[in-house]
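Undergrad: Pasting a structure here, questions to come.
The values are calculated or read from the model by the stated rules, or taken from the named source; none is laboratory data. For clarity, every value in this text was computed on a predicted model and none was experimentally measured. All Cβ positions, glycine included, derive from the backbone under ideal geometry; neighbour counts span all protein chains shown. Side chains included, ligands, DNA and RNA excluded: accessible areas come from the protein's heavy atoms. Shrake-Rupley method; radii C 1.70, N 1.55, O 1.52, S 1.80 Å.
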Amino acid sequence: MQEGRPAPHDTPRISFGRQIAETLKQAWPVLVTSWASLAFGVMDTAMSGHAGAIDLQVMGLSIAIYLTVYIGLMGVIHALIPIIAQLFGAGRLAEAGRAWGQGVWLALGLSAVGCGVMLFPGLWLSLSGDLDPRVVDGVTWYMRALVLALPAALVFRTIYALGAAVSRPKPVMLVNLAVVLVKLLLNWIFIFGKFGLPAMGAAGAGLSTAVVSWLSLAAGLCIIFRSPFYRRLSPTLGRPRLRDQKELLRLGLPMGASYLVEICAFSIMALLAAREGTLVSGGHQIMANLAALCYMMPMSIGIAAAALTAQAVGAGHGQHARMAGLAGLALALSGAVLTILVLIIGKPWILQLYTSDPEVAVVAATLLQLIPLFHLCDALQCINSYLLRAYKVAVVPMLLQIVALLGFGLAGGWLLGYGPAAGALRPALEWFTPNAPVGIASMWLMASAGLALSAMLLNLWYWRVVRLHSAG
C-alpha cells in the first residue's frame, strides 16, 4: 500500500459516534457548497420575481430546462466520486489524479451535447401549450446565456468531485461562497439595468451565471495545481483514454440517468404548470426552488457518506464501510426532520423572500403544505442512492428510480392531475393541501408517493449489496 494507507486486514476501530462526527465533518462544507450553488437559482428566482410575473415565469421554465440538462450531465461526472474515493482509499494516489484528468475530458464532451440540447428551447416549451410571446423570447435568451456557462460549470464539477472523493471539500466551498457575492452584484446590474446597461430581466440572470461559472473554474484550477495536498495526486489532464472513458461512462451513464429521472419530474411539472397560468407557474416555481434547496441537506450527507464508504471499500474495510452507511442514513433522517421544522415555522418569511406578488404568494402557500411530506421521502431516497453508488452500483438503482419516480410518480401525477383521471385526487388534496390548484397539487402529491416507493426499494437493494459485499 502507498502513502501509509492501512492494509485491508488492519481495519481501524471506530465508534458509531465518531463515524457520525466524521461524516458531519465532511458533509457541512459540501452542504454550504451546495447551498451556495443553489443560491444562484434562488437569487435568480427571487430577483426576477420582483421584476415581474412574466420574468418569474421565464425563470421557472428556463431553470426547469437548464437543470434537466445540467443535473443529468453532472450525474455522469459524479461517477468520479466513487472511482477516485476507492483509489484514494487503496492508496493509489497517482491513479486518482489521472482519473480526474479523464473526468475533465468527459465533462468537455458532455458540454457539447448539453449545449446542443439547450439551443432549442422551443422543443421543451411545446409541453406548456400557448405561452405569452414575451415568455418564449425570455426563455430563449436565458438559455443562450447559459450555453456559455455550461462547459465551465461541468469542468468545475470535476474539481468538486475530486474534493469530495478525497475528503477535502472546503476549498471548493470557499470558491462557491465568494462567487455568490459576485453573482448577486451582477444580477442586480444585469436584471434591473444599472450603470447605463439595459434592464435584461431574466436573461440578465443567465448572463451573470455565465460570468461567475468561468470565474469559479479559474479559481478551482488554481486550487488543484497549486495545493500541496493535490500535488501528491499528480493531477494531470493527459490525453483521453478509451479504457478510462468506458469505465467512467459505465458507472456515470446510469448515475446520470438516475439524476435525470429525479430532475425530470421537476422539469415536466414546471412545463405542465404553465398551462394553468402565470400565477400557478410562479407558485410552483417557488415550491420547486424551495424543495431543491432542502434537497441539499440529504445530498451533502449522501456525498460525504458515500465518499467515506467508498474509501473504506477501496481499503478493504468492510465493517467500516457498513458503519459509514449507517451514519449516513441516521444523519439524513435527522436532517430531514430538522428541515421540516424550519419549513413549518418559517413559512411566512419564506414567501416574503420569494415574491412580492400577493396572488403568487397565495398559490405558493397552498402548495407548500405538501413540502414536509415531499422532503422526507426525497431525503430517504437520496441517501440510499448515494450509498449504492459508493459500491459502484448504479444500474439497478436507475431502473428502480425509473419505475418509482417516472412510472408511478410522474406518469401517475399527470394521469390524476392533467390526464384522463384529472381531479380524482381532489378529496385527498382537500385534506393535504386545501385550496391548492388541483392539477399541479396532484403532481406534487404523486411525486411524494413516487419518492417514498423509490426510498423503500433502494434501501432494500442497499442492504442486499452490503450483505453480498460482506460475504465476498
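Undergrad: Could you tell me which label, among (i) 25.8; (ii) 22.7; (iii) 21.4, carries the value of mean projected area of the Cα convex hull in nm² calculated for this structure?
TA: (iii)
Undergrad: Further question: Heavy-atom accessible area per residue, region 322-406, 1.4 Å probe: how many Å²? Don't skip to the answer; put the middle values down first.
TA: On the way: 3270 Å² over 85 residues.
Ligands and nucleic acids excluded, the result is 38 Å² per residue.
Undergrad: Grab the Cα-Cα distance for C222 and W28, subtract it from 0.36 nm times how many residues apart they are, and report the gain in nm with one decimal. Write out the running numbers ahead of the final one.
TA: Numbers: separation 194, 0.36 × 194 = 69.84 nm, distance 2.28 nm.
Working it through step by step, the gained length comes to 67.6 nm.
Undergrad: Something else now. Could you grab the Rg to Rh ratio for region 63-132? Cα atoms only, Kirkwood for Rh.
TA: Taking Rh as the inverse mean 1/r over Cα pairs, Rg/Rh reads 1.21.
Undergrad: Also, quick follow-up: Computed over the Cα atoms of region 365-419, what is the convex hull's projected area averaged over all directions, in nm²?
TA: Values: hull surface 17.8 nm².
Averaged projected hull area, Cα only: 4.5 nm².
Undergrad: Would you work out what percent of the accessible area of the chain, with all protein chains in place, is carbon or sulfur (probe 1.4 Å)? Let's see the in-between values first.
TA: Numbers: 12770 of 18360 Å².
About 70 percent, which is the carbon plus sulfur part of the accessible surface.
Undergrad: Then there is this: Going by alpha carbons, how many degrees (0 to 90, nearest 10) lie between the helix axis of 93-118 and the longest principal axis of the chain?
TA: The angle comes out near 20 degrees.
Undergrad: Just how many % of Cα pairs in region 431-472 lie over 15 Å apart, if you round to the nearest whole percent?
TA: Tail fraction, whole percent: 59.
Undergrad: Please give the solvent-accessible surface of L376 in Å², to the nearest 10, using a probe radius of 1.4 Å with every protein chain present.
TA: 60
Undergrad: Which angle between 0 and 90 degrees, to the nearest 10, do you get for helix 318-354 versus the longest principal axis of the chain when only C-alpha atoms count?
TA: 20
Undergrad: Please list, ordered by chain and number, the residues whose modelled amide H lies under 5 Å from the amide H of L233; skip anything fewer than 5 residues away on the same chain.
TA: none
Undergrad: For region 137-227, what are Rg and Dmax over the alpha carbons, in angstrom?
TA: 14.6, 46
Undergrad: Once phi is turned into ³J(HN,Hα) by the Karplus curve 6.51 cos²θ - 1.76 cosθ + 1.60 with θ = phi - 60°, what whole-Hz value does each residue of region 357-364 show in order, with x for glycine and proline?
TA: 8, x, 6, 5, 4, 5, 5, 4
Undergrad: Can you tell me the relative contact order of region 350-472? Whole percent, Cα pairs under 8 Å, sequence separation 6 or more.
TA: Values: 129 pairs, mean separation 44.8, N = 123.
Result for region 350-472 is 36 percent.
Undergrad: What is the distance in Å between the Cα centres of region 267-313 and region 125-198?
TA: Between the Cα centres of region 267-313 and region 125-198 lies a distance of 16 Å.
Undergrad: Quick one: which residues, 5 or more positions from A422 or on another chain, have an amide H under 5 Å from its amide H? H modelled 1.01 Å from N in the peptide plane, none for Pro or chain starts.
TA: For A422, no residues qualify.
Undergrad: Right, something else. Can you list, bin by bin at 10 Å, the percent of alpha carbon pairs in region 214-260, starting at 0?
TA: Over region 214-260, the share of Cα pairs per 10 Å bin runs 21, 28, 45, 6 percent.
Undergrad: Turning to a different aspect of this structure: In percent, what relative contact order does the chain have, based on Cα pairs under 8 Å that are 6 or more apart in sequence?
TA: On the way: 798 pairs, mean separation 107.7, N = 472.
So the answer I get is 23 percent.
Undergrad: Another question, then. To the nearest 0.05, what FRET efficiency results for D137 and I345 with a Förster distance of 60 Å applied to their C-beta separation? Let's see the in-between values first.
TA: Values: r = 40 Å, r/R0 = 0.67.
The formula returns an efficiency of 0.90 here.
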